[in-house]
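Report on the structure given below.
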Amino acid sequence: MQMKHACVIGWPIEHSRSPLIHGHWLERYNIDGSYTKVAVRPEETEDFLRDLAGKGYSGCNVTVPLKELAFAAADCHTPEALAVGAANTIWLEDGKIHATNTDTYGFMKHLDAEAPGWDKSDKPVVILGAGGAARAICFGFQQAGVNDIVILNRTTERAQKLAEELPGGNIRVAAWDDRTNCPEWASVIVNTTTLGMKGSGDLGLDFSSANPDCVVADIVYVPLQTDLLQQAQAQGLRTVDGLGMLLHQAVPGFERWFGVRPEVTPELRRVILDDLGAN
Ligand code: ATR
């Protein structure tokens with residue numbers, strides 16, 4: 001069989017951990033293929049994607065700041081890509097550029113695995129933040145049938161825009177200040193803001209009267225145990241870290257390009273954790 005190639009594009013691209021994930025799977029499944037990093041300038045994105053086949057690629061991942069540009073350059077979009085308005089995974093089919101956004105899948109898959117039963121509660125799901133990741137995650141909860149999703153964002157207008165752009169009648173917006181006591185009334189709390197990254201400050205949630213069934217998730221994975229997750233754990237709550245989303249979101253692309261649906265294993269997690277530790 002012919003050797004298959006895929007890559008991740010971004011500007012800059014040095015920081016991407018995708019080659020570690022896909023490289024691990026290529027080795028594990030003994031696939032004759034490669035996965036590399038390619039630095040692509042925003043203004044070159046469309047031309048790069050149009051010539052993917054010419055360059056020998058089956059497809060690629062897309063990272064910041066090219067996700068919206070890749071979405072715009074694609075011919076066909078999955079519902080997830082349309083909901084988010086940004087693409088992180090590209091493949092070729094019938095000569096056309098196909099785009100999807102696998103953050104929705106990655107987050108929901110990891111949540112289901114780490115906090116089974118989260119969906120049994122009739123309390124609201126709280127999303128902190130209103131950027132691209134919040135959009136992907138809101139769409140995931142909508143698809144999962146959650147009927148009360150509350151978005152809290154420092155800039156309320158951005159949360160309102162998100163709610164308007166994901167119609168369904170199950171998203172409402174609350175004031176950023178209402179976050180403080182949300183552990184009391186939420187079934188799941190997801191932090192999609194950059195608060196919690198090393199040295200960036202505290203989210204200011206009060207867990208002292210938390211509902212014991214509340215699940216707390218953070219998409220930040222450096223550090224892996226953010227202050228938010230530590231505070232939730234100290235109250236005995238179930239927590240979901242950000243690394244699983246990164247690992248699971250890589251699965252659909254690998255399957256498209258290399259023809260094998262790979263597994264997210266503790267061994268893969270260790271590979272990435274070791275690398276994070278080295279930084
Ligand atoms: P992404 O698209 O990766 O999700 P983003 O668009 O940069 O990232 O969004 C970052 C999120 O973190 C936003 O919700 C942002 O709030 P604003 O919309 O008000 O900017 C939030 N954020 C960043 N710094 C923050 C801070 N110091 N306090 C509260 N929220 C913050």
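Considering each of ASP178, ASP206 in turn, give the residue that is surrounded by fewer than 22 Cβ atoms within 10 Å (Cβ to Cβ) and part of a helix (DSSP H, G or I).
Checking each option against the conditions leaves just ASP178.
Residue-wise test of (1) modelled with pLDDT of 95 or more; (2) within 16 Å of the ligand (Cβ to nearest atom); (3) in the same structural domain as VAL125 (by TED's automatic domain parsing).
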position	(1), (2), (3)
PRO167	no, no, yes
THR180	yes, yes, yes
VAL188	yes, no, yes
MET197	no, yes, yes
ALA210	yes, no, yes
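Could you tell me whether GLY129 is crowded, with 18+ Cβ neighbours inside 10 Å, over 20 Å from PRO12 (Cα atoms) and not hydroxyl-bearing (Ser, Thr, Tyr)?
The answer is yes for GLY129.
Keeping to the range 215-252, report how many residues are over 21 Å from the mean Cα position of the chain (by Cα) and part of a loop (DSSP other than H, G, I, E, B).
Total meeting the criteria: 3.
Taking the stated definitions as given, is THR45 closer than 18 Å to GLY244 by Cβ and surrounded by 17 or more Cβ atoms within 10 Å (Cβ to Cβ)?
Against the criterion (closer than 18 Å to GLY244 by Cβ and surrounded by 17 or more Cβ atoms within 10 Å (Cβ to Cβ)), THR45 does not qualify.
Suppose we filter ALA87, ALA70 for residues that are part of a helix (DSSP H, G or I), at pLDDT 95 or above and either in contact with a strand residue (DSSP E or B) (Cβ under 6 Å, 6 or more places away or on another chain) or surrounded by 15 or more Cβ atoms within 10 Å (Cβ to Cβ) (or both); which single one remains?
ALA70
With the requirement that a residue be more than 12 Å from PHE258 (Cβ to Cβ), in a loop (DSSP other than H, G, I, E, B) and within 25 Å of the chain's Cα centre (by Cα), what does the range 20-56 give you?
VAL40, ARG41, LEU52
In the range 133-153, how many are touching a Gly at 6+ places or on another chain (Cβ under 8 Å) and either more than 13 Å from the ligand (Cβ to nearest atom) or part of a helix (DSSP H, G or I) (or both)?
Total satisfying the criteria: 2.
Taking the range 94-113 as the search range and keeping residues that are touching a residue at least 40 places away in the same chain (Cβ under 8 Å) and within 16 Å of the ligand (Cβ to nearest atom), which one is farthest from SER18 (Cα to Cα)?
PHE107
Give just the number: which of (1) surrounded by fewer than 20 Cβ atoms within 10 Å (Cβ to Cβ); (2) away from the ligand (no atom under 14 Å from the Cβ) does THR156 not satisfy?
With respect to (1) surrounded by fewer than 20 Cβ atoms within 10 Å (Cβ to Cβ); (2) away from the ligand (no atom under 14 Å from the Cβ), THR156 is out only on (2).
From PRO65, PRO116, which residue is surrounded by fewer than 22 Cβ atoms within 10 Å (Cβ to Cβ), outside any strand (DSSP E or B), more than 16 Å from the ligand (Cβ to nearest atom) and not charged (D, E, K, R)?
Going through PRO65, PRO116 in turn, the sole match is PRO116.
The values are calculated or read from the model by the stated rules, or taken from the named source; none is laboratory data. Keep in mind that this is a model prediction, so the values were computed, not measured. Using ideal geometry, Cβ is built from the backbone for each residue, glycine included, and neighbour counts are taken over all protein chains shown.
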